[in-house]
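Peer 1: After the structure tokens below, expect a handful of questions from me.
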Amino acid sequence: MSSPSPGSTSVGTGVSDRMPLPALNKAGHVAHCVRCLDGLPASLVEMDASRMAIAFYCLSTLDVTSMAERQISPTDRKSWKEWIWDQYAEGGFHSGPFVSVSGSDTAHPSRGGAGVVASAATAPHLIMTYCALLALAVLRDDYALLNRAALKCMVGACQDADGGFETMPGAGDADLRMTYCAFVVCALLGDWSCIDLPRALSYIQRCRTYEGGYGQTPLGESLGGPTYCALAALHLVPADHACAPQARLQRAEWHATVRWLLHMQAEALAPVGGGGFAGRTNKLADACYGFWCGAALAILGAGDLLDAHALGAFLAQCQYKFGGISKAPGEHPDPYHTYLSIAAAAIISPDPAWGLQPLDPLINATPETARWAKEHVSAAPPEPKR
Amino acid sequence: MADDTTEHVLYAERPEWSDVVPIPQYENIQPLAPIFYTPEYKDATDYFRGIVKTGEKSLRVLQLTETIIRLNPAHYSAWQYRYETLIVISAPLEPELVLTNALTKASPKTYQVWHHRQLLLTALRDPMPELAFNEEVLKADAKNYHTWSHRQWVLAHFDQAELWAGELPFVERLLNEDVRNNSAWHHRFFVSFENGSKGGTGEGADEAVRRELAFVKGKIALAPNNASAWNYLRGALNHTHLPYSTQAAFVELYVVDAVDADADRVLDLENPPPSQGAQLPCLAAIEFMADVHEARGKEGISEAVKLWRSLAHTHDTIRKRYWEFRIRDAVANTSVA
């Protein structure tokens, strides 16, 4: 990396001269996730369109807390994998069966080729594809059912003329979340030929704002989530790729982004949300931004510049008494905030007693799961280059 | 949500739907995160799958997809299929926009509802009323990210002088209500600096930056501890390549420990002083002055270090490690240079 580094690439050297942190209720958080995997109440019907994401958050929580082995029985493992593969069609994955019209017929024909489908309403979803590939890695699936050519085709078909990526081919709803997902798929495949990388990089650049972060779309306000997506995507581009120089931040950009990210951390004694990260300037802290901003800083080699102890204290306060983590103290927990808080803690390591696996901040998985995904997603015999 | 004043009749019980074969949702024995659907949702989505399978695009599909969308506004397939149907049957889009207005107000944080608006507006090509509707939605939540993105899309997509013309007064209205609304500041930056010559006012870049610097300094004077305004000041200077030192006389007024009671004898309009009762010193001003000194190179470094130390140890301890990094970084760079 040509950007200046703050001297050390390690993150989260704990601050010993302060109050010890409360315990992380790992068993409670795992139980919350297992409950959600078992079923969700009708009031959460909006999650129908993102069940695969819930599966990813819950399974990853089990993974980062080292509970995946113990909590997932061989029977669960087998049937969960089957369920995920049931959502596979046309190269990618759906969020769930809510739009599948093929019933129990699991042999979804891949339309491969053009990446065009009769109705975009039944096309697979790029974010859910990312979630499914990672969830399968947590379950140590061998991806034998994955049609790599069709997957590449689907990712390529999601890219629009602007360089951005859509949720589904032709959907016209591009934003940085899907850019990140597309880049992860390319990184897992070890093949970037299915996307127009220079154009994708220029799209990311156009999402940069005067504040130093990135907006969700070009010209949008700086926001923690898209800033993570942008930086992770840029750093996923292999160093030996012809586009690598274009994917690096200039020195001034690096400084502006690190500054903006660190200013998202609320002062420890703030009346609300002290130590936590906000997603935008002048907004309140929310547990999920501990991950989006914390992981973004780690990617930039500046993870040790945030106050890990204060963030850890905030995340500890967001723990719900019956398990699970919520966006702010006193609110109700959900798998999204539970996983991202634990993932943030895994990166910044505010307290060794919390005993979490380390995390690969680019892929958003434990190093072992990330390695598994890379080895097995790319494992198919090499296809002729285009 | 579905209206609960009238009894909802299941599609399975409607004679006019009897020709459609509903397709139940297939789940294997042990699905991940299954949702315990209400009978209404289960029924409507069974019929939706039936329709998608046959590819029917007709008036009644609009009814069915509306039912689903009201039960689950994030059902992206229902939205997508609904739009395709509108186009195929050449349905009038004005009433669809009216319906979407209601759905937008009911679910302003759902991606799909805003995307549907974009599709409709693109087809209808009548963006002017959209800005007024947008402002109305912002009244309920002035920081809703979707609402702001949509507004920026309307301006950039249609790019008409009369659309841009009202934006600065609009932003001022919002900043008068909440001077810390970063979305409004961001929008102001977008309108002032990123629309190129599209504003239709014919003003030059110099004029824009002069106006914006005066504006932001006035707002800082009003409420000095406002990170949005300071980021705007930095952004405006960076954008126009003006050195931070050009603002040193102004920013110095905010580094002191208390408002100087004698300072307002001669009011300097270029450099408005902090309002009475302002909490000083202002962190952002200290940071800004440290940057000014750092830019002076060897001469300024000790002054910059002093300011960073005061941030690290007294005024902004949560970022102690950052300010210490700034010191290390600056010292290393100056000794090399």
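The values are calculated or read from the model by the stated rules, or taken from the named source; none is laboratory data. Everything quoted here is computed from the prediction, not taken from an experiment. Using ideal geometry, Cβ is built from the backbone for each residue, glycine included, and neighbour counts are taken over all protein chains shown. Just the protein is used for accessible areas: all its heavy atoms, side chains included, with ligands, DNA and RNA removed. Shrake-Rupley method; radii C 1.70, N 1.55, O 1.52, S 1.80 Å.
Peer 1: List every residue whose amide H lies under 5 Å from the amide H of A:PHE93, counting only residues 5 or more places away in sequence or on a different chain, with H placed 1.01 Å from N in the peptide plane.
Peer 2: A:HIS125, A:THR129
Peer 1: Run lengths n ≥ 4 of DSSP H only: what is the helix-derived mean residue ellipticity at 222 nm for chain A, with -39500 (n - 2.57) per run over all residues, to the nearest 500? Please list the in-between numbers first.
Peer 2: On the way: 14 runs with 166 residues, N = 386.
Roughly -13500 deg cm²/dmol at 222 nm, from the helical runs in chain A.
Peer 1: On to the next question. Taking just the alpha carbons, could you work out the radius of gyration and Dmax for chain A, both in angstroms?
Peer 2: Calculated on Cα positions, Rg and Dmax stand at 20.1, 63 Å.
Peer 1: Could you run the Karplus curve 6.51 cos²θ - 1.76 cosθ + 1.60 with θ = phi - 60° over the range B:315-329 and give me ³J(HN,Hα) per residue in whole Hz, x for Gly and Pro?
Peer 2: In residue order, the calculated couplings are 8, 8, 5, 4, 9, 3, 5, 5, 5, 5, 4, 4, 5, 4, 4 Hz.
Peer 1: Express the carbon and sulfur contribution to the solvent-accessible surface of the protein assembly as shown as a percent, rounded to the nearest whole number, probe 1.4 angstrom. Write out the running numbers ahead of the final one.
Peer 2: Numbers: 16290 of 29160 Å².
That fraction is 56 percent.
Peer 1: What is the local net charge at A:THR209, summed over the other residues whose Cβ is closer than 12 Å to its Cβ (Lys, Arg +1; Asp, Glu -1)? Don't skip to the answer; put the middle values down first.
Peer 2: Details: positive: A:ARG206, A:ARG208, A:ARG280, B:ARG234; negative: A:GLU211, A:GLU221, A:GLU253, B:GLU194.
So the surrounding residues net to 0.
Peer 1: Here's a follow-up. Would you tally the net charge around A:GLU166, using a Cβ to Cβ cut-off of less than 11 Å, leaving A:GLU166 out, and scoring K and R as +1, D and E as -1? Mind dumping the intermediate values first?
Peer 2: Working: positive: A:ARG177; negative: A:ASP160, A:ASP162, A:ASP173, A:ASP175.
Net charge around A:GLU166: -3.
Peer 1: Which three numbers, in whole Å and largest first, are the semi-axes of the equivalent ellipsoid of the range A:207-320 derived from its Cα gyration tensor as √(5λ)?
Peer 2: Values: eigenvalues 136, 41, 27 Å².
Ellipsoid half-lengths, sorted descending, are 26, 14, 12 Å.
Peer 1: Under the definition of Cα pairs under 8 Å and six or more residues apart, what whole-number percent is the relative contact order of the range B:154-247?
Peer 2: Reported relative contact order: 29 percent.
Peer 1: Enter the buried accessible area of the B/A pair, total of both sides, probe 1.4 Å, in Å² rounded to the nearest 100. Numbers along the way, then the final one.
Peer 2: Numbers: alone 18770 and 16640 Å², together 29160 Å².
Interface area, both chains combined: 6200 Å², rounded to the nearest 100.
Peer 1: Also: Among the lysines, which fall within straight-line cross-link reach of B:LYS306, defined as a Cα-Cα distance under 26 Å, with same-chain neighbours fewer than 8 residues apart omitted?
Peer 2: The reachable lysines, counting only those whose Cα sits under 26 Å from B:LYS306, are B:LYS217, B:LYS298, B:LYS320.
Peer 1: Here's another thing I want to ask about it. Taking the Cα atoms of the protein assembly as shown alone, what are Rg (to one decimal) and Dmax (as a whole number) in Å?
Peer 2: 26.4, 86
Peer 1: Can you spot the lysines whose alpha carbon is less than 25 Å from A:LYS81's alpha carbon? Ignore those fewer than 8 places along the same chain.
Peer 2: Correct list for A:LYS81: A:LYS26, A:LYS152, A:LYS374, B:LYS42.
Peer 1: Now for a separate question. If contacts are Cα pairs under 8 angstrom and at least 6 residues apart, what is the relative contact order of chain A in percent? Write down the numbers at each step before the final one.
Peer 2: Values: 708 pairs, mean separation 83.3, N = 386.
RCO, chain A: 22 percent.
Peer 1: Give the distance, in whole Å, between the Cα centre of the range A:221-245 and the Cα centre of the range B:295-315.
Peer 2: Their Cα centres are 32 Å away from one another.
Peer 1: For a quick check, take a GNM of chain B with Cα springs below 10 Å and name the residue from B:PRO73, B:PRO34, B:PRO243 with the largest mean-square fluctuation.
Peer 2: Result: B:PRO34 has the largest fluctuation of those listed.
Peer 1: Run the 1.4 Å probe and let me know the accessible area of B:HIS315, rounded to the nearest 10 Å².
Peer 2: 70 Å²
Peer 1: From the square roots a ≥ b ≥ c of the eigenvalues of the alpha-carbon gyration tensor of the range B:203-337, which class results: rounded (a/c under 1.5), prolate (a/b over b/c), or oblate? Walk me through the intermediate numbers first.
Peer 2: Details: a/c = 1.94, a/b = 1.30, b/c = 1.49.
The shape class here is oblate.
Peer 1: Using the Karplus curve 6.51 cos²θ - 1.76 cosθ + 1.60 with θ = phi - 60°, work out ³J(HN,Hα) for each residue of the range B:164-177 in order, rounded to whole Hz, and write x for Gly and Pro.
Peer 2: Listing the rounded values in order: 5, 4, x, 6, 5, x, 4, 4, 5, 4, 5, 6, 5, 6 Hz.
Peer 1: Next up: When only C-alpha pairs under 8 Å and at least 6 residues apart count, what is the relative contact order of the range B:203-337, in percent?
Peer 2: Details: 139 pairs, mean separation 26.6, N = 135.
Relative contact order here is 20 percent.
Peer 1: ³J(HN,Hα) across the range A:281-298 via Karplus (A = 6.51, B = -1.76, C = 1.60, θ = phi - 60°), whole Hz, x for Gly/Pro?
Peer 2: Listing the rounded values in order: 4, 6, 10, 7, 5, 9, 3, 5, 6, x, 6, 4, 7, x, 5, 4, 5, 4 Hz.
Peer 1: Pop out a list of residues from the range B:15-40 that are at least 50 Å² less accessible with all the protein chains around than in their chain alone; 1.4 Å probe, no ligands or nucleic acids counted.
Peer 2: B:TYR26, B:ASN28, B:GLN30, B:LEU32, B:ALA33, B:ILE35, B:PHE36
Peer 1: Still on this structure, I have one more. Connecting C-alpha atoms closer than 10 Å in a GNM of chain B, tell me which of B:GLU177, B:GLU167, B:GLU13 has the biggest fluctuation.
Peer 2: In the Gaussian network model the winner is B:GLU13.
Peer 1: What does the C-alpha gyration tensor say about the overall shape of the range B:30-153? Classify as rounded when a/c is under 1.5, otherwise prolate if a/b is larger than b/c, or oblate. If you can, show how the numbers build up before the last one.
Peer 2: Working: a/c = 2.49, a/b = 1.39, b/c = 1.80.
Cα axes put the range B:30-153 in the oblate bin.
Peer 1: For B:LYS139, go through the aspartates and glutamates and keep the ones whose alpha-carbon is under 20 Å away, minus same-chain ones fewer than eight residues off.
Peer 2: A:GLU221, B:GLU130, B:GLU167, B:GLU172, B:GLU177, B:ASP178
Peer 1: Now, a different point. Within 10 Å of each Cβ of B:75-87, how many other protein chain Cβ atoms are there on average?
Peer 2: Values: counts 8, 14, 13, 4, 3, 11, 5, 1, 3, 4, 2, 0, 0.
Mean shielding count: 5.
Peer 1: Under a 10 Å cutoff between Cα atoms, tell me which one of A:HIS332, A:HIS309, A:HIS241 has the largest fluctuation in the Gaussian network model of chain A.
Peer 2: A:HIS241
Peer 1: Give the accessible surface of the protein assembly as shown per residue, rounded to a whole number of Å², with probe radius 1.4 Å and ligands, DNA and RNA excluded.
Peer 2: Details: 29160 Å² over 723 residues.
With the other protein chains kept in place, the protein assembly as shown gives 40 Å² per residue.
Peer 1: Would you please give the residues with an amide H less than 5 Å from that of A:ALA365, counting only those at least 5 places away or on a separate chain, with H modeled from the backbone geometry?
Peer 2: Those lying under 5 Å, H to H, from A:ALA365 are A:ASP360.
Peer 1: Using alpha carbon centroids, what distance separates the range B:133-171 and the range A:119-162, in Å?
Peer 2: 35 Å
Peer 1: How big is the gap, in Å, between the Cα center of the range A:322-359 and the Cα center of the range A:13-78?
Peer 2: 9 Å
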